[in-house]
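A short worksheet on the structure shown next.
Here, each number is a calculation from the coordinates, and none is a lab measurement. Quick caveat: nothing in here was measured; it's all calculated off a predicted structure. Cβ placement follows ideal geometry from the backbone for every residue including glycine, while neighbour counts extend to all protein chains displayed.
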Amino acid sequence: MRLSTGYSTLQILIHWTIAALVVAQLLTGGDMADAFERVRETSSEGEAPATARLHMGIGATILVLVVLRTLARALQGVPPASPASPRWDVLLSRASHTAMYVLLYAVPLAGLSAWLSKSEAVGELHATLKSLLVAVVLLHIAGALFHQFWLRDNLIARMLRSDTR
Ligand code: HEM
């Protein structure tokens with residue numbers, strides 16, 4: 001992996017696009033769950049409401065974006081940990097970044113599998129993984145605030161302006 005001084009414009013764009021799309025998924029998730037329930041009860045495909053179709057479309061988009069993001073990370077690298085970070089914070093941020101990548105694949109794939117198999121158990125797996133992702137994202141946001149207001153290293157700037165000298 002190439003050593004990098006910051007995130008590329010592509011990485012930053014994908015980071016914030018995925019963040020916004022994850023929020024959209026949380027907002028449309030309830031309608032999707034209702035549509036899934038109806039389809040399972042009537043065991044017919046039917047016409048899913050617009051919000052449920054939006055949920056499926058955005059889920060597929062997140063999957064494509066996370067593949068692109070993984071490739072960009074492998075090719076362009078990521079900046080080293082902030083020098084202000086204590087050891088526990090370096091380890092926790094590494095673990096949470098890895099968990100977010102894994103969950104960004106697992107959540108949409110479980111949703112797609114649930115829809116295709118009409119399996120209630122897979123639908124529950126999708127919901128559990130989603131809750132895990134929300135928990136890790138909240139931890140991630142707490143970490144960003146910790147850096148901004150406690151360590152005062154202005155780490156957020158790395159996700160706002162590209163620096164790939
Ligand atoms: C208010 C919301 C958010 C803020 C302020 C934020 C901020 C940041 C910052 C500053 C970094 C760079 C950390 C570093 O340079 O060491 C980062 C990286 C990252 N963020 Fe966020 N983020 C937010 C939301 C999200 C969401 C919703 C997700 C995923 C669903 C996410 C996933 C990631 C991942 C996976 C990385 C690691 C990138 C890498 O090193 O490859 N973030 N975020």
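Between 0 and 90 degrees, rounded to the nearest ten: what's the tilt of helix 50-76 against the longest Cα principal axis of the chain?
Between the helix axis and the principal axis of the chain, the angle is about 30 degrees.
For residue 48, enumerate residues with amide H under 5 Å from its amide H, sequence gap 5+ or separate chain, H modeled in the peptide plane.
So residue 48 has HN proximity to no qualifying residue.
For n ≥ 4 DSSP H runs only, could you compute -39500 (n - 2.57) per run for the chain, divide by its residues and tell me the 222 nm figure to the nearest 500?
That calculation yields -26000 deg cm²/dmol at 222 nm.
Hey, what does the equivalent ellipsoid look like for segment 43-138, semi-axes from the Cα gyration tensor as sqrt of 5 times each eigenvalue, largest first, whole Å? Don't jump to the answer; show the numbers that get you there.
On the way: eigenvalues 210, 47, 20 Å².
After diagonalising the Cα gyration tensor, the semi-axes are 32, 15, 10 Å.
Given labels modelled 7 Å from the Cα in the Cβ direction, how far is it in nm from residue 105 to residue 38?
3.4 nm
Using a simple spin-label model with points 7 Å from Cα along the Cα→Cβ vector, what separation in nm is obtained for residue 94 and residue 112?
3.0 nm
Give me the percent relative contact order of the chain, please, defined on Cα pairs under 8 angstrom at least 6 residues apart. Present the calculation step by step, with values, prior to reporting the outcome.
On the way: 150 pairs, mean separation 59.9, N = 165.
Normalised by residue count, the contact order of the chain is 36 percent.
What order do you get for 103-114, 18-29 when each peptide is scored by the mean count of other beta carbon atoms within 10 Å, highest first?
Output ranking for 103-114, 18-29: 103-114, 18-29.
For every other residue with a beta carbon closer than 10 angstrom to the beta carbon of residue 53, add +1 if it is Lys or Arg and -1 if Asp or Glu, then tell me the sum. Present the calculation step by step, with values, prior to reporting the outcome.
Details: positive: none; negative: 31, 47.
Net charge around residue 53: -2.
Around residue 104, with a cut-off of 15 angstrom between Cβ atoms, what is the net charge of the other residues, counting Lys and Arg +1 and Asp and Glu -1?
Residues near residue 104 contribute +3 overall.
Evaluate the chain: find the radius of gyration of its Cα atoms, find its Kirkwood radius, and give the ratio Rg to Rh.
1.04
When the chain is fully extended, how far beyond the present Cα-Cα distance does residue 132 get from residue 159, taking 0.36 nm per residue of separation?
My answer for the length gained is 7.4 nm.
Using θ = phi - 60° and the Karplus form 6.51 cos²θ - 1.76 cosθ + 1.60, what ³J(HN,Hα) does each residue of segment 24-41 get, whole Hz, x for Gly and Pro?
4, 5, 5, 6, 9, x, x, 5, 5, 4, 4, 4, 5, 4, 4, 4, 5, 5
How large is ³J(HN,Hα) for each residue in segment 99-110, as worked out from phi by the Karplus curve 6.51 cos²θ - 1.76 cosθ + 1.60 (θ = phi - 60°), to whole Hz, x for Gly and Pro?
4, 5, 4, 4, 5, 5, 7, 5, 5, x, 5, 5
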